[in-house]
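In what follows, a structure is listed as structure tokens, so that the remarks can point back to it.
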Amino acid sequence: MPTQSEPITLAIGGLTHETWDAWSIESDLLTPADGFELELFTKGTVQLPRVLAEGAPCSLSLGSDRVLTGQIDEFEHDISRQGIAIRINGRDSAAPLVDCSAPFVSMREASLAEIIDQVIKPLGFSKVEIRAATAKTRRRIQIEPGQSAWEALLQVAVANGLWPWIEPDGRLIIGGPDYTTDPVSKLVLREDGQGNNVESLSVRRSIAGRYSQITVLGQHGQYTGGGVTGGQSHLRSVVQDVALVQRGIFRPKVVIDSSSENQDMATTRARKLLADSRLEGFEIRAVVEGHRAGSGQVWTPGQRVMVYSEPHQLDGTYFLMSRTLRTSRSEGAITELSLREDKMWVLDANPLKKRRGKVDQDAAFIKQIKIL
């Protein structure tokens, strides 16, 4: 029998509705403007409220927990002999930042907060939180005409070693995850079936797009095969993926980044590129019953999850990058999870501290090559 779902409540214009035949809510840290879809079918008469309009602000709650704050993008009202069908689609609060162009901004020595004030807040976004150990500055931030506000924000955030995302309550967060939080659940897949709690679990591993060594050349640097010449010849950073190097795999990549104006920027850029390549090389996809983790929390990107799978030889903690809450009459309540390696995404927002006498082994997958 399909698992029964908690009601999902749409709140809009002071009204609420929680009876739906099917619904889904996506959330992905790598994708701006998480989307949702609600479906209702009835053979009776339905009078749509006036507050249900494209562009109307709304929120979605699972039980008493807010899972999304955003807007209605579009809705369909279909009347036929079979009955009446209503479909509502929308996105979270990042939707205007994705859709609208950024004001033209050209500043030197601009802080991240100044970029937020001049690019993000003019579009009506007031709930912003910088969640990072430090907020660096760029000597020059150039926002091109026609660039979306989200693209401009992402450009500035990545330059500072950070990443933007939207919390369920509508806050814009710019920073990185907290890798010190406890895992919210444990997924189990044993060959004898004892204690299994997943509907399905698959593992994808890939070498495509993964590199053993990345060299970032900053402003004015030129690559000659044996190093950098011309201009600021020492402005480069070389980092290696220890796991591939230990396996004897040599896959180098050189990136020209003219926006890297000092050594710290070049190193931050190189570390991020290498971490991103490693993230793309490994993914766990799981489908579980219900919409809550073992801790009782709603499944939410940014959580840490323990995975034990005998067939896949997995026994460790992983990072929840995206999830889709879904309910339908045929499947009941399920959640689709996408997990990546832990402590690999956004490395420099909240750097992991060294333990006494050693470095956290999970965080030591990148080796920086000393530049002479």
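Return the residue satisfying two criteria in turn: it lies in segment 289-312 and is hydrophobic (A, V, I, L, M, F, W, C) and assigned to a loop (DSSP other than H, G, I, E, B), and of such residues it is farthest from D169 (Cα to Cα).
Among them, the one singled out is A293.
When both residues are 6+ apart or on different chains and their Cβ atoms are under 6 Å apart, which pairs have a first residue that lies in segment 193-211 and is in contact (Cβ under 8 Å) with a residue 12 or more places away in the chain, and a second that is among the acidic types (D, E)?
The qualifying pairs are R204/E283; G209/E280.
Kindly provide the set of residues from segment 6-54 that are among the β-branched types (V, I, T) and assigned to a loop (DSSP other than H, G, I, E, B), ordered by number.
T19, T31, T45, V46, V51
Tell me yes or no: at least one residue of segment 243-264 is closer than 25 Å to I166 by Cα and not polar (S, T, N, Q).
no
Go through (1) in the same structural domain as E18 (by TED's automatic domain parsing); (2) over 24 Å from D178 (Cβ atoms); (3) surrounded by 15 or more Cβ atoms within 10 Å (Cβ to Cβ) and name the single condition S101 misses.
(1)
Within segment 306-318, can you find the residues that are touching a Lys or Arg at 6+ places or on another chain (Cβ under 9 Å) and either buried (at least 22 other Cβ atoms within 10 Å of the Cβ) or of a type in the set (D, E) (or both)?
Passing the criteria: V307, E310, Y318.
What number of residues within segment 264-288 satisfy the criterion of being surrounded by fewer than 16 Cβ atoms within 10 Å (Cβ to Cβ) and part of a helix (DSSP H, G or I)?
Adding up the residues that qualify gives 2.
Only one of these is surrounded by 15 or more Cβ atoms within 10 Å (Cβ to Cβ), in the same structural domain as I143 (by TED's automatic domain parsing) and in contact (Cβ under 8 Å) with a residue 24 or more places away in the chain: A85, A110. Name it.
Criteria check complete, one pass: A110.
Give me the residue from segment 1-50 that is of a type in the set (S, T, N, Q) and without any contact (Cβ under 8 Å) to a residue 12 or more places away in the chain and, out of that set, surrounded by the most Cβ atoms within 10 Å (Cβ to Cβ).
The selected residue is T16.
Results for (1) assigned to a loop (DSSP other than H, G, I, E, B); (2) at pLDDT 95 or above; (3) more than 30 Å from L97 (Cβ to Cβ), shown as yes or no for each residue.
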| site | (1), (2), (3) |
| --- | --- |
| P177 | yes, no, no |
| L187 | no, yes, yes |
| N197 | yes, yes, yes |
| Q219 | yes, no, no |
| K253 | no, yes, yes |
| E261 | yes, no, no |
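Is segment 60-80 home to any residue that is among the basic types (K, R), touching a Ser or Thr at 6+ places or on another chain (Cβ under 9 Å) and either in a helix (DSSP H, G or I) or modelled with pLDDT under 90 (or both)?
Among the residues of segment 60-80, not one is among the basic types (K, R), touching a Ser or Thr at 6+ places or on another chain (Cβ under 9 Å) and either in a helix (DSSP H, G or I) or modelled with pLDDT under 90 (or both), which makes the answer no.
Anything in segment 221-244 that is modelled with pLDDT of 80 or more, of a type in the set (V, I, T) and over 30 Å from P311 (Cα atoms)? List them, or say none.
Within segment 221-244, V238, V239 qualify.
Give D192, D182 a once-over and let me know the one that is under 30 Å from D92 (Cα atoms) and either modelled with pLDDT of 95 or more or over 23 Å from the mean Cα position of the chain (by Cα) (or both).
It is D182.
Inside segment 139-175, can you point out the residues that are assigned to a strand (DSSP E or B) and among the aromatic types (F, W, Y)?
W163, W165
Within the bounds of segment 315-324, is there any residue that is closer than 30 Å to L60 by Cβ, in a helix (DSSP H, G or I) and touching a strand residue (DSSP E or B) at 6+ places or on another chain (Cβ under 7 Å)?
No, the conditions are met nowhere in segment 315-324.
Assess whether G176 counts as being under 16 Å from the mean Cα position of the chain (by Cα), crowded, with 21+ Cβ neighbours inside 10 Å and more than 17 Å from S322 (Cα to Cα).
no
Restricting to segment 187-199, what's the tally of residues that are exposed (fewer than 11 other Cβ atoms within 10 Å of the Cβ) and touching a Lys or Arg at 6+ places or on another chain (Cβ under 8 Å)?
Qualifying residue count, segment 187-199: 0.
The values are calculated or read from the model by the stated rules, or taken from the named source; none is laboratory data. Since the model is a prediction, treat every value here as computed from it, not as a measurement. Please note: Cβ atoms are built from the backbone with ideal geometry, for glycine as well, and neighbour counts cover all protein chains shown.
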